[in-house]
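A.B. asks: The structure that follows is given in the form of C-alpha cells.
The values are calculated or read from the model by the stated rules, or taken from the named source; none is laboratory data. In this text, all values refer to a predicted model and were calculated from it rather than measured experimentally. All Cβ positions, glycine included, derive from the backbone under ideal geometry; neighbour counts span all protein chains shown. Quick note on the areas: whole protein, heavy atoms, side chains included, nothing else; ligands and nucleic acids left out. Shrake-Rupley method; radii C 1.70, N 1.55, O 1.52, S 1.80 Å.
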Amino acid sequence: MDLRQLRYFIGVAERGGFGAAASALNIAQSALSRHIKELERELGGALFTRTARGVAVTESGKVLLERGRWLLGLVDDIKAEVRTENREPSGTVRLGAPSSVAEIFYPPLARLIAARFPRVQLELGEALTELACDRLLRGQLDLAIVTAPQPNDHLCYETLVEEQVFLIGPPDDPKLKRGRMTVNDLKHLSRAMLPLSRTPFPPEVPSFVRVESSTPMKRIVASGLGYALLPYSGIYQEVDAGQLSAALLPWMSAERVLALPRGRPISRATQETRTLLKEICGDLIRDGIIRTSQRKRVIRQQRTSAH
C-alpha cells in the first residue's frame, strides 16, 4: 500500500462511486478500479460494497478511511513544515561556550541572527568544556563551542580554529617584556592561576587558586597575584589598554571545537547558527582578534591545551 493508493481509496469513499472519483482524481476509471482491487487483495478483504447509488465503505473500509485521512493529513503537515523550514529557519537554538569565547562570538551572532533569521530565537549560555558536553548529551544544548574536548562516541566535533596561547601577567611585567616565552621560562614563574577544568602549567609552578571564568582570572592577574594562560582573543582589550602584559607560548594552542550531539536531528536553525559561527570566526581572524596557531597539528594527547 502506498500513498497514491490511499488517496485513490479516500477519493472513491468520499465521492461514493468510481466514476466521480476517477474524474476528480484525473485517472481512468479502469485504472482506478485496478488500484482498489490491488489494495483489497493486499489487505485481505473488500473495502466497498455496491449500492443503488454507487458504493459504500465496508467496516474494514471505515477503519482504513479514518486512519488514511489521518495519515494523509500528517503527510501534508510534514510537507508544509519542511517547505516553511526551507523558506526561513525558525525555532530556538541553545548554544553554550566558555566565557572568553562567548564574549567575542555572542554579540556578532546575535546581530546576524536578528538581521538574517528573525524567526530564530537564541538561548546563549556560558559553560566550560566538560559541562557543555554534558549538557549536549542531556539534550539541554543544541550546539556548543568547546576547547579540546575528550573523545565521545555520542558527540560530533568540528574544529573551528586553533588559537595561539599567551602567558598573561600584570602591566609592565619584566618577565613578559620579550613577548615570547620558552618552556624553561614557564617553569620559573612564582605562582599561577588555573582554570577549573585543566592544569596547563608545569608541576614546578605552584598554584593557589582555580577560577572558572576568564573575567575574574584576568582581574586577579592584573593585581599581580599570579600568572594565567589565555588565547589572545580573551585578552586583546586588556593588552591594548595596558591593563595586562602578555607573552606568546609558541608550543601551546587552544583548539576551539564546534560540538553537536550525534544521532539527534539537527534543525535548520541550528545548521544556520553553525554556519554563522564559522563566518564570525573568519571575521575575528581577519580583524586580528583571534590569532591562529601556525604549527602543524599533532596528536591531541601529546599537546597541552589552555582553557
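A.B. asks: Name the one entry in Ser253, Ser293, Ser267 that is closer than 30 Å to Gly91 by Cα, hydroxyl-bearing (Ser, Thr, Tyr) and surrounded by 16 or more Cβ atoms within 10 Å (Cβ to Cβ).
C.D. replies: Step by step, each of Ser253, Ser293, Ser267 is checked, and only Ser267 is closer than 30 Å to Gly91 by Cα, hydroxyl-bearing (Ser, Thr, Tyr) and surrounded by 16 or more Cβ atoms within 10 Å (Cβ to Cβ).
A.B. asks: Let me ask something additional. Do you know which of the residues in the range 250-307 that are over 17 Å from Leu229 (Cβ atoms) and among the hydroxyl-bearing types (Ser, Thr, Tyr) is modelled with the lowest pLDDT?
C.D. replies: Once the filter is applied, the top-ranked residue is Ser267.
A.B. asks: Here is a further query. List every residue pair whose Cβ atoms lie under 6 Å apart, where the two residues are 6 or more positions apart in sequence or sit on different chains, the first residue falls within the range 262-286 and is within 21 Å of Gln140 (Cβ to Cβ), and the second residue, located anywhere, is open to solvent by less than 60 Å² (accessible area, probe 1.4 Å) and among the charged types (D, E, K, R).
C.D. replies: Arg268/Glu85; Thr270/Asp142
A.B. asks: Please go through the range 1-35 and pick out each residue that is β-branched (Val, Ile, Thr) and under 21 Å from Val75 (Cα atoms).
C.D. replies: Result: Ile10, Val12.
A.B. asks: If you don't mind, another one. I need the full set of residues from the range 273-291 which are over 9 Å from the mean Cα position of the chain (by Cα) and among the charged types (D, E, K, R), in order please.
C.D. replies: Across the range 273-291, the qualifying residues are Lys278, Glu279, Asp283, Arg286, Asp287, Arg291.
A.B. asks: Return only the number of the condition from (1) open to solvent by 40 Å² or more (accessible area, probe 1.4 Å); (2) in contact with a Lys or Arg (Cβ under 8 Å, 6 or more places away or on another chain); (3) at pLDDT 90 or above that Phe208 does not satisfy.
C.D. replies: If we test Phe208 against (1) open to solvent by 40 Å² or more (accessible area, probe 1.4 Å); (2) in contact with a Lys or Arg (Cβ under 8 Å, 6 or more places away or on another chain); (3) at pLDDT 90 or above, just (3) comes out false.
A.B. asks: Filter the range 115-157 down to the residues that are within 30 Å of Val183 (Cα to Cα) and touching a helix residue (DSSP H, G or I) at 6+ places or on another chain (Cβ under 8 Å), then identify the one that is surrounded by the most Cβ atoms within 10 Å (Cβ to Cβ).
C.D. replies: Among them, the one singled out is Val146.
A.B. asks: On the given criteria, is Leu6 surrounded by fewer than 13 Cβ atoms within 10 Å (Cβ to Cβ) and assigned to a helix (DSSP H, G or I)?
C.D. replies: For Leu6, the condition - surrounded by fewer than 13 Cβ atoms within 10 Å (Cβ to Cβ) and assigned to a helix (DSSP H, G or I) - is not met.
A.B. asks: Same structure again: Filter the range 274-288 down to the residues that are among the small types (Gly, Ala, Ser) and assigned to a helix (DSSP H, G or I) and list them by number.
C.D. replies: Gly282
A.B. asks: Just wondering, is there one or more residues in the range 220-231 that are surrounded by fewer than 20 Cβ atoms within 10 Å (Cβ to Cβ) and of a type in the set (S, T, N, Q)?
C.D. replies: Yes, the range 220-231 has at least one match.
A.B. asks: Then there is this: Yes or no: Gln121 of a type in the set (S, T, N, Q) and assigned to a loop (DSSP other than H, G, I, E, B)?
C.D. replies: Taking the combined requirement at face value, the residue does not satisfy it.
A.B. asks: So, in the range 34-86, of the ones that are touching a helix residue (DSSP H, G or I) at 6+ places or on another chain (Cβ under 6 Å) and part of a helix (DSSP H, G or I), which residue ends up modelled with the lowest pLDDT?
C.D. replies: Taking the candidates together, the pick is Glu85.
A.B. asks: I'd like to verify a number: residues in the range 87-106 that are open to solvent by less than 60 Å² (accessible area, probe 1.4 Å) and either assigned to a helix (DSSP H, G or I) or free of Cβ contacts under 8 Å to residues at least 24 places away in the same chain (or both), how many?
C.D. replies: 7
A.B. asks: Among Gly16, Gly54, which is the only one that is open to solvent by less than 40 Å² (accessible area, probe 1.4 Å), in contact with a Ser or Thr (Cβ under 9 Å, 6 or more places away or on another chain) and not basic (Lys, Arg)?
C.D. replies: Gly16
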